[in-house]
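Some notes on the structure that comes next.
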Amino acid sequence: MKPVKVSNGIYQLSVAVEDILFEGIWEIPKGVTVNSYIVKGEKTAIIDGVCGWDGVPETLIKMLNDIDINPEDIDYLVINHMEPDHSGWIEDFKKIRSDFEIVCTEKAAALLEHFYQHEENIRVVKDGDSLDLGHGRVLEFSEVPNVHWPETMMTFDSQSKTLFPCDLFGTFGIFDGHSFDDHFNADEHPFFEEEGLRYFSNVMATFSSQVKKAVEKTEALPVEVIAPGHGLIWRKNIQTIIDAYKRYIDYSLHYGKKDEVMILWGSMYGMTEKAVYHVEKYLTNKGLTVHSHRVPETSLGQVLTSALASATIIVAAPTYEYNMFPPVAAALEEIGRKRISHRLSYCFGSHGWVPGTVKELKDIIERTRMKWKLVESFQFKGEANQEDYSRIEADLDSLIEEINAL
Ligand code: FEO
């Protein structure tokens, strides 16, 4: 992508990434951007890195040429976060210039040696420290541990009032080449919501309590522009992304959207599957939005996205070797690891000789400490008959009462 001028002396260098599993696990059907920023005072800093997916150092040099910056004139590398999507280019950059100074937290400095065998010219900064780039440009640093790793910090340019929060306020999605919030229109808002939820649920949800503190820290600063490591730069209405993050945190720590239900399901020979279609129709007719995800066919990333959005998670799975059908159990374990808590839940499914699905769901809820409220659930032998469907519908009516009481 071409460099983008953010404001006087600040440029975004960004790469668009598709066709990978993000962090080696998360499907990104709409891609992701990885953004770094040049900040110029009398001295020049680069904040976070453009990753090696796109041919660093060649890409970096080309982008710097486009904005008339000689790579050898970069004095500081500000590493807000050590995850290699932001730091993985350091070794390549060393080939361009070896005497730059790295600015990072103490915890990041400890990882530099192990990740990149780099031990020299490191300036360790703490919460409240600053770096004067000259010409009135001062970078201020705020530690925000576990957003998303323990070493993370944010950088604030007090001259332009631009915050560089790295992963915080990021989203998945390549916005059709748009770089700024005011360049995408109302038609694209559902795309933004989906990719924001996908990113938060896949990358951030485990750390929602710490993310909440970082959002509060952001609101205490006189921020006018938010320039994250992934997704759009926010300059027209920064409150949109701040409020979106507050919602995602709330979905994670409390419950999701009251009128949205995820059915997480699997089926072996079609018996549970038939009942799932019946339940989907019943809930849709009651005015609820249903996200129905069969596993293992659906990616874990998509399951987490819907789990974060939904106040209610219905689990439908046959019994398999005395327990829950394994792909459904595995997806639930991942939801538990992401600490998506306080959901309403209901469970149903087919069994042969012995029912085991509800028992395992109770075990998972307890072990992962998700604090879900599981209403009276139901397992039927073989294929559900009319009596079984009547029982399921009565259970769903009780569930809807619980939903309405949220
Ligand atoms: Fe974008 Fe936690 O790295």
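What's the extension gain from LYS381 to LYS257 if we count 0.36 nm per residue and subtract their Cα-Cα distance?
Contour length minus Cα-Cα distance gives 41.3 nm.
Over all distinct alpha-carbon pairs, what is the Kirkwood Rh of segment 52-203 in angstrom?
Taking the inverse mean of 1/r over all distinct Cα pairs, segment 52-203 comes out at 17.1 Å.
Report, in cubic angstrom per residue, the convex hull volume of the C-alpha atoms of segment 260-307. Display every interim value, and only then the final one.
On the way: hull volume 2.4 nm³, N = 48.
Expressed per residue, the convex hull around the Cα atoms of segment 260-307 is 51 Å³.
Compute the distribution of all C-alpha to C-alpha distances in segment 261-404, in bins of 10 Å from 0, and list the percent of pairs in each, rounded to whole numbers.
Bin by bin from 0 Å, the calculated values are 13, 48, 36, 4.
What does the charge count near PRO222 come to, summing +1 for each Lys or Arg and -1 for each Asp or Glu among other residues with Cβ under 15 Å from its Cβ?
Numbers: positive: LYS161, LYS217, ARG235; negative: GLU140, ASP157, GLU216, GLU219, GLU224.
Here the count lands on -2.
With springs only between Cα atoms under 10 Å apart, run a GNM on the chain and tell me which of PRO145, PRO165, PRO296 wobbles the most.
Ranking PRO145, PRO165, PRO296 by mean-square fluctuation puts PRO296 first.
Could you list the residues of segment 327-345 with an amide nitrogen less than 19 Å from a label point located 7 Å from the Cα of MET268 in the Cα-to-C-beta direction?
327-332
Kindly provide the helix-only [θ] at 222 nm of the chain, computed as the sum of -39,500 (n - 2.57) over DSSP H runs of four or more divided by all residues, to the nearest 500 deg cm²/dmol? Intermediate values should be presented prior to the final figure.
Working: 12 runs with 138 residues, N = 406.
Dividing the helical sum by the residues of the chain leaves -10500 deg cm²/dmol.
Could you put LYS62, LYS95 in order of accessible surface area, largest first, with the 1.4 Å probe and the full protein assembly present?
Values: LYS62 115, LYS95 155 Å².
Highest to lowest solvent-accessible surface, that is LYS95, LYS62.
Would you mind getting me the FRET efficiency between LYS126 and VAL354? Use the beta-carbon distance for r and R0 = 45 Å, nearest 0.05.
Efficiency computed from Cβ-Cβ geometry: 0.15.
Which part of segment 344-385 falls in the paramagnetic zone of GLU401, meaning amide N under 20 Å from the point 7 Å along Cα-to-beta-carbon?
Of the residues in segment 344-385, 344-348, 373-379 have backbone N under 20 Å from the label point off GLU401.
Quick one: angle between helix 238-253 and the longest Cα principal axis of the chain, in degrees between 0 and 90, rounded to 10, please.
With rounding to tens, the tilt is 40 degrees.
Considering only protein heavy atoms and a 1.4 Å probe, what is the carbon-and-sulfur percentage of the accessible area of segment 277-360?
Of the solvent-accessible surface of segment 277-360, carbon and sulfur hold 54 percent.
For segment 68-151, I need the span (max minus min coordinate) of the C-alpha atoms along each principal axis, in Å, sorted largest to smallest.
That works out to 35, 32, 21 Å along the principal axes.
Using a 1.4 angstrom probe on the protein heavy atoms only, could you order TRP265, TRP149, TRP353 from most to least accessible area?
The residues order as TRP353, TRP149, TRP265, largest area first.
So what's the angle, to the nearest 10 degrees on a 0 to 90 scale, between helix 189-199 and the longest Cα principal axis of the chain?
90
As I understand it, the value is the acute angle between the Cα axis of helix 326-337 and the longest principal axis of the Cα atoms of the chain; what does it come to in degrees, rounded to 10?
That works out to roughly 50 degrees.
Between segment 225-295 and segment 338-370, what's the alpha-carbon centroid distance in Å?
Going from one Cα centre to the other spans 19 Å.
Once you put a point 7 Å from the Cα of LYS236 and another 7 Å from the Cα of TYR277, both along the Cβ direction, what distance in nm separates them?
Going by the 7 Å Cα→Cβ label model, 4.4 nm.
GNM on the chain, C-alpha springs below 10 Å: top fluctuator among SER350, SER201, SER390?
Maximum fluctuation in the GNM of the chain, among the listed residues, is at SER390.
Highest mean first, how do 63-69, 77-83, 221-227 rank when packing is the count of other Cβ atoms within 10 Å averaged over residues?
Details: 63-69: 16.0, 77-83: 25.1, 221-227: 18.0.
The densest-packed peptide leads the list: 77-83, 221-227, 63-69.
Not counting ligands, DNA or RNA, and with a 1.4 Å probe, what is TRP26's accessible surface area in Å² rounded to the nearest 10?
So the heavy atoms of TRP26 present about 10 Å² to solvent.
How large is the charge dipole for the chain, taken about the Cα centre, if only the Cβ atoms of Lys, Arg (+1) and Asp, Glu (-1) carry charge, to the nearest 20 debye?
940
Using all Cα-Cα distances in the chain, what percent lands in each 20 angstrom bin from 0 up to the longest?
Reading upward from the zero bin: 27, 47, 22, 4.
According to a simple spin-label model (label point 7 Å from Cα along Cα-to-Cβ), what is the distance in nm between THR284 and GLU224?
Once both label points are built, they end up 4.9 nm from each other.
The values are calculated or read from the model by the stated rules, or taken from the named source; none is laboratory data. Worth saying up front: this structure is predicted, and the values here are computed from it rather than measured. As a convention, Cβ positions derive from the backbone with ideal geometry for all residues, glycine included, and neighbour counts pool all protein chains shown. These accessible areas exclude ligands, DNA and RNA; they are computed on the full protein's heavy atoms, side chains included. Shrake-Rupley method; radii C 1.70, N 1.55, O 1.52, S 1.80 Å.
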